[in-house]
């Protein structure tokens with residue numbers, strides 16, 4: 001590769017991109033090209049319609065050869081988008097790729113300004129800064145980091161399970177960590193799935209079982225990630241395994257202990273059924289739970305609380321000896337190269353919209369509770385009965401609870417219209433009840449979804465366009481728990497008061513309350529709503545700003561099962577491509593110490609978050625371990641003698657940029 | 001001091017020039033997002049991308065003022081969100097130092113602004129820049145290069161009247 005000699009004159013090639021009209025519409029690109037052409041060291045200055053196109057890149061390659069260019073500046077979009085493209089072109093022309101500098105005149109200029117003259121002048125100043133900076137660029141070598149082939153997947157919902165299976169089937173070692181005692185996530189709670197109305201558990205349980213028994217998957221349920229250190233290729237992760245008081249390898253899942261428990265009847269709130277059913281202190285969350293291992297709840301188990309139980313469960317377990325009341329939580333450390341975060345969502349707490357009466361009137365349910373009621377393995381065995389044991393004859397389903405609402409969440413949760421239609425169908429099928437769906441708009445995009453909507457609408461449910469204002473007890477009869485749903489029918493322009501036996505709230509999807517904690521753990525960004533932020537909304541939808549960490553499922557935003565699965569596959573493929581490449585190239589933006597200038601004052605040492613700086617005992621000089629340095633530049637800014645240099649961001653380069661930006665003629 | 005306000009530069013109407021130092025991971029990305037979302041804001045800032053707000057050397061800020069900036073904006077990740085753990089806290093310390101220095105130098109602490117802007121807050125990039133341009137416009141031009149040139153001229157003009165004719169002070173010290 002060609003490296004210009006030290007005293008060889010600098011020959012800059014400057015290119016400004018029209019980006020169709022994206023840039024040229026607001027910036028006079030010819031004027032900028034003309035302005036730059038007159039600047040020192042500039043040999044060539046061109047404007048071109050699409051610099052990132054093949055001919056655009058080829059132009060750079062040819063110009064380097066023909067005009068013996070040794071520096072390249074491209075004024076176009078954000079370096080976060082195309083810096084790599086143009087570095088590659090620079091390299092193909094035979095130059096070290098770091099003799100390239102990018103100027104952002106699209107995201108930071110043409111797209112955000114409205115005055116063509118000002119935008120053009122800003123583009124000139126930004127270009128000038130790069131032209132002044134680039135002569136100081138040095139040839140650099142990219143650092144390669146090897147990728148540990150193991151993958152951590154956080155969250156065992158459908159997204160996490162699918163990603164785990166894709167990777168495990170390809171022969172990669174996967175750690176699947178799930179917070180709950182079983183994998184399955186929200187999907188395991190659903191009865192049927194739209195638009196096909198196939199049974200959720202029937203399609204999910206084979207995948208759960210496959211994940212549970214796969215030789216390449218280490219499944220840690222009832223576990224949480226507590227610490228993540230390191231970086232892409234080499235993350236050190238600490239996982240806390242909560243005690244189940246049952247030894248996983250010895251328990252056969254026979255549930256004889258549950259049968260034998262000193263509590264003859266299930267007595268405690270069953271979390272899986274959202275409190276609609278009861279369980280014992282020792283329990284299996286649901287029949288298809290994976291791992292099929294019971295657990296003991298320390299809050300309700302007499303032995304764990306008082307140590308004075310007859311321990312009939314231990315007796316029943318017998319020779320299997322799977323029950324261990326002395327089990328303690330364990331911290332496990334693992335090393336992985338990539339991480340997929342699939343931590344899912346929580347449903348909107350309908351108590352935040354008190355006018356719908358959730359938590360006040362017993363006959364108001366949220367949609368997830370109704371999923372359990374409809375489900376054959378649910379607390380009622382699939383019969384839709386109210387808390388008083390009666391079968392509802394009239395049911396209202398209220399859409400957009402906690403969605404599209406300035407007072408709670410502004411976003412559309414995307415799945416509620418469809419699951420509301422599904423529940424309308426299921427409730428009607430089970431009870432022959434008359435159904436009223438109150439909606440703002442019906443939103444059913446996606447393959448086969450509109451057809452599903454039409455099908456359900458034709459089944460004879462009442463679709464009423466209008467936001468429900470109030471739900472209150474029927475004053476004419478206080479005893480039966482009948483409710484009045486009051487809404488404005490905006491089609492008929494009248495106020496409706498519909499007496500119903502049951503109200504179903506179609507609650508929206510929300511980020512987990514501990515999103516903040518998870519985000520910090522993995523050093524990720526969140527949107528203002530609390531969903532994890534993808535690297536690019538269109539072109540990098542499962543990547544994050546932290547290399548090696550990917551996203552899948554609803555933790556990135558509300559989506560349905562097909563989309564979660566698709567995203568999980570994409571995240572697995574992204575992780576896979578890193579693993580199979582074997583290494584990742586890192587920006588060579590690390591810092592180093594110019595020994596001759598270091599006074600050994602040690603100011604830099606405590607500043608480094610990666611403890612990459614040490615004092616050479618013999619020389620009394622600071623030394624930066626390049627392998628540990630991540631290139632933040634904090635030590636560089638703090639060095640009192642200016643003896644630390646950061647590659648790509650040298651002091652002199654920044655000073656030249658400042659000077660170029662403030663060129664007096666470009667006021 | 002004469003010439004306290006420098007003549008308006010450019011095409012007659014003065015408008016502030018602000019140098020912005022944005023960290024790669026949060027604020028620079030937020031500015032990209034503002035662009036992608038086609039938010040409109042004042043064209044007075046010129047951004048320099050750094051990997052972390054912790055890379056902002058106080059000298060960069062002083063250099064920007066010395067070269068003619070009317071304001072300097074530093075954008076970093078929110079506390080606890082720094083891509084590198086704590087670079088933004090290091091910046092916060094330097095910010096406190098710089099504010100005192102700028103006050104003492106007569107530049108004014110209010111010409112330097114530090115903002116935490118996450119990658120999702122394109123809207124905040126817009127509002128912060130617009131607000132800052134408004135405030136710096138009220139403060140008026142700083143024009144440090146112009147002032148320095150004025151002081152130089154003044155010194156040059158006064159030089160002849162100081163040096164030769166004055167009797168040395170030595171006489172006062174001799175008789176002790």
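Candidates are the residues of the stretch B:85-110 that are away from chain A (no Cβ under 14 Å), touching a helix residue (DSSP H, G or I) at 6+ places or on another chain (Cβ under 8 Å) and part of a helix (DSSP H, G or I); the one that is nearest to residue B:40 (Cα to Cα) is B:110.
For the stretch B:58-76, which positions are at the interface with chain A (Cβ under 7 Å from one of its Cβ atoms), in a loop (DSSP other than H, G, I, E, B) and buried (at least 22 other Cβ atoms within 10 Å of the Cβ)?
First, pick out the residues of the stretch B:58-76 that are at the interface with chain A (Cβ under 7 Å from one of its Cβ atoms): B:60, B:63-64, B:67-69.
In the following step, the residues that additionally are in a loop (DSSP other than H, G, I, E, B) were identified as B:67-69.
Scanning the stretch B:58-76 gives B:68, B:69.
Matching residues to (1) at pLDDT below 95; (2) under 25 Å from the mean Cα position of the chain (by Cα); (3) surrounded by 15 or more Cβ atoms within 10 Å (Cβ to Cβ):
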| position | (1), (2), (3) |
| --- | --- |
| A:225 | no, yes, yes |
| A:229 | yes, yes, no |
| A:233 | yes, yes, yes |
| A:240 | no, yes, yes |
| A:246 | no, no, yes |
| A:252 | yes, no, no |
| A:293 | no, no, yes |
| A:297 | no, no, yes |
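Comparison of A:414, A:443 shows that the only residue that is at positive phi, buried (at least 17 other Cβ atoms within 10 Å of the Cβ) and assigned to a loop (DSSP other than H, G, I, E, B) is A:414. Evaluate the stretch A:42-49: report whether one residue or more is assigned to a helix (DSSP H, G or I), touching a strand residue (DSSP E or B) at 6+ places or on another chain (Cβ under 9 Å) and either over 21 Å from residue A:106 (Cα atoms) or within 14 Å of chain B (Cβ to nearest Cβ) (or both). No: the stretch A:42-49 contains no residue that is assigned to a helix (DSSP H, G or I), touching a strand residue (DSSP E or B) at 6+ places or on another chain (Cβ under 9 Å) and either over 21 Å from residue A:106 (Cα atoms) or within 14 Å of chain B (Cβ to nearest Cβ) (or both).
Checking each residue in the stretch A:92-121 for being crowded, with 23+ Cβ neighbours inside 10 Å, part of a helix (DSSP H, G or I) and without any contact (Cβ under 8 Å) to a residue 40 or more places away in the chain picks out A:107, A:108. If only residues of the stretch A:595-618 that are in a loop (DSSP other than H, G, I, E, B) and under 33 Å from the mean Cα position of the chain (by Cα) are counted, the one that is nearest to the other protein chains (Cβ to nearest Cβ) is A:609. Would you say residue B:31 is crowded, with 18+ Cβ neighbours inside 10 Å, at pLDDT 95 or above and more than 8 Å from chain A (Cβ to nearest Cβ)? Spelling it out, it is not the case that residue B:31 is crowded, with 18+ Cβ neighbours inside 10 Å, at pLDDT 95 or above and more than 8 Å from chain A (Cβ to nearest Cβ). Scan the stretch A:619-667 for residues that are in contact with a helix residue (DSSP H, G or I) (Cβ under 7 Å, 6 or more places away or on another chain), within 29 Å of residue A:145 (Cα to Cα), assigned to a helix (DSSP H, G or I) and within 8 Å of another protein chain (Cβ to nearest Cβ) and the total you get is 5.
Can you pull out the strands (runs of 3 or more DSSP E) entirely within the stretch A:456-574 that have at least 2 residues that are over 24 Å from residue A:229 (Cβ atoms)? Walk me through it before giving the result.
Values: elements: A:462-465, A:468-473, A:483-489, A:494-500, A:502-507, A:549-551.
Those strands (runs of 3 or more DSSP E) span A:462-465, A:468-473, A:483-489, A:494-500, A:502-507.
A quick yes/no check of all residues on (1) part of a loop (DSSP other than H, G, I, E, B); (2) in contact (Cβ under 8 Å) with a residue 24 or more places away in the chain; (3) away from chain B (no Cβ under 14 Å):
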{"position": "A:33", "(1), (2), (3)": "no, no, yes"}
{"position": "A:51", "(1), (2), (3)": "yes, yes, yes"}
{"position": "A:56", "(1), (2), (3)": "no, yes, yes"}
{"position": "A:65", "(1), (2), (3)": "no, yes, yes"}
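From the set of residues in the stretch B:111-139 that are within 13 Å of the chain's Cα centre (by Cα) and outside any helix (DSSP H, G or I), which is farthest from residue B:75 (Cα to Cα)? Residue satisfying both the conditions and the ranking: B:112.
Do the conditions hold for residue B:139, that is, is it free of Cβ contacts under 8 Å to residues at least 60 places away in the same chain and more than 10 Å from chain A (Cβ to nearest Cβ)? It is false that residue B:139 is free of Cβ contacts under 8 Å to residues at least 60 places away in the same chain and more than 10 Å from chain A (Cβ to nearest Cβ).
Given A:161, A:183, which one is in a loop (DSSP other than H, G, I, E, B), touching a helix residue (DSSP H, G or I) at 6+ places or on another chain (Cβ under 9 Å) and crowded, with 24+ Cβ neighbours inside 10 Å?
Numbers: A:161 fails: in a loop (DSSP other than H, G, I, E, B).
Every option except A:183 fails the conditions.
Let's see how each residue does on (1) touching a residue at least 24 places away in the same chain (Cβ under 8 Å); (2) under 23 Å from residue A:653 (Cβ atoms); (3) in a strand (DSSP E or B):
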site	(1), (2), (3)
B:13	no, no, no
B:20	yes, yes, yes
B:38	no, no, no
B:42	yes, no, no
B:46	yes, yes, yes
B:49	yes, yes, yes
B:54	yes, yes, no
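Please enumerate the residues belonging to the stretch A:499-515 that are surrounded by fewer than 18 Cβ atoms within 10 Å (Cβ to Cβ) and within 29 Å of residue A:383 (Cα to Cα). Hit for the stretch A:499-515 is A:499, nothing else.
The values are calculated or read from the model by the stated rules, or taken from the named source; none is laboratory data. The structure presented is a predicted model; accordingly, all values stated were derived computationally and were not measured. Using ideal geometry, Cβ is built from the backbone for each residue, glycine included, and neighbour counts are taken over all protein chains shown.
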